[in-house]
Amino acid sequence: MSGTNGGSDPVILATAGYDHTVRFWQAHSGICYRTVQHPDSQVNALEITPDKQLIAAAGYQHIRMYDLNTNNPNAVINYDGISKNVTGVGFHADGKWMYTGGEDNSVRIWDLRSRNLQCQRIFQVNAPVNCVCLHPNQGELFIGDQSGSIHVWDLKTDNNEQLIPEQDASILSISIDPMGTMMAAVNNKGNCYIWTLTGGRGNDPTQLHPKAKFEAHNRYVLRCLFSPDSTWVWDCAFSGDSQYIITASSDNMARLWSVDTGEVKKEYSGHQKAVMCLAFRDEFVQ
């Protein structure tokens, strides 16, 4: 990545939240080197494109994409026409398309190759969508909604499977391990559910096999990954070597933690309100 973050530094760390800004940090020093104003709304979710060229910021009724390699303060791509909050955003591994989920009860696929600002496909559910997770096979989306349902949308066949782990418990986060062998989901009652996954290769759809349920927290669980942070943790991400975890918290801070010791290695301060989301990539792009 070029620009003011240190030239060839492969690490990109960005945070955003209720203060209508996206902030970019030197992960090792804790210095904020760039702040982008996002005046339209709070930022609910962030994600960096696989090629590290753009970052998507999801907010109220829109997604804005900012250039990572220049200091351009304006969004270079704008996706509008969504009626409510966009709660999740992510990318196909090859950068061909972007997916979003939102409080309009839908998950959308956006074609990034044409950049015609058009939604390519829509999957409708019966409740606001809290989270969307792309299976490592790049062909299935796992969707958690406020009614407590988890939907598995097969993008190849357009088939949909549905399960409800717990009645009247909103699914707030879903995570699948990089090998596609296990899945975790957490809800607003503090419970965490674990499944083992089989299939998901070729034309075989992924099959979920219940493995465990436990009470992870006494109250809301906002993400599947646990942090010792005493404030609300809205988002988190692992480093590529799994040695560190970065958290975004309601006390206006982001923190870098050592997984082995639980020690805070770095704090990133500058937001004036809660930090709702973060985006982090530390691998080299060929």
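Matching residues to (1) modelled with pLDDT under 95; (2) more than 18 Å from the chain's Cα centre (by Cα):
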position	(1), (2)
L141	no, no
D154	no, yes
I164	no, yes
I176	yes, no
A184	yes, no
Y193	no, yes
G199	yes, yes
A212	yes, yes
E215	yes, yes
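Of note, D67 does not satisfy the criterion of being of a type in the set (D, E), out of contact with any helix residue (DSSP H, G or I) (no Cβ under 7 Å at 6 or more places or on another chain), farther than 19 Å from V125 by Cα and open to solvent by 60 Å² or more (accessible area, probe 1.4 Å). Pairs only if they're at least six apart or on different chains, beta carbon under 9 angstrom, first in the range 62-76 and under 25 Å from I109 (Cβ atoms), second of a type in the set (K, R) and assigned to a loop (DSSP other than H, G, I, E, B); list them, first residue then second. So the pair list comes out as L68/K52.
Out of R201, R223, one residue alone is part of a loop (DSSP other than H, G, I, E, B), open to solvent by 50 Å² or more (accessible area, probe 1.4 Å) and more than 14 Å from C133 (Cβ to Cβ). It is R201. Could you tell me whether any residue of the range 129-146 is of a type in the set (S, T, N, Q) and open to solvent by 60 Å² or more (accessible area, probe 1.4 Å)? Within the range 129-146 (the criterion being of a type in the set (S, T, N, Q) and open to solvent by 60 Å² or more (accessible area, probe 1.4 Å)), the answer is yes, since at least one residue qualifies. For the range 235-250, the count of residues that are at pLDDT 90 or above, in a loop (DSSP other than H, G, I, E, B), on the phi > 0 side of the Ramachandran plot and surrounded by fewer than 19 Cβ atoms within 10 Å (Cβ to Cβ) is zero. Of the residues A45, A75, which is more than 19 Å from the chain's Cα centre (by Cα) and crowded, with 19+ Cβ neighbours inside 10 Å? None of the others qualify; the one that does is A75. In summary, F91 fulfils each of the numbered conditions (1) touching a Lys or Arg at 6+ places or on another chain (Cβ under 7 Å); (2) surrounded by 14 or more Cβ atoms within 10 Å (Cβ to Cβ); (3) of a type in the set (A, V, I, L, M, F, W, C) with the single exception of condition (1). When K213 is tested against the conditions (1) open to solvent by less than 80 Å² (accessible area, probe 1.4 Å); (2) over 21 Å from V107 (Cα atoms); (3) in a strand (DSSP E or B), the lone failure is (1).
The values are calculated or read from the model by the stated rules, or taken from the named source; none is laboratory data. Owing to the predicted nature of the structure, the values given are computational and were not obtained by experimental measurement. Cβ sites come from the backbone with ideal geometry, for glycine too, and all protein chains shown count toward neighbours. Each accessible area value is taken on the protein alone, full model and side chains, heavy atoms only, with ligands, DNA and RNA left out. Shrake-Rupley method; radii C 1.70, N 1.55, O 1.52, S 1.80 Å.
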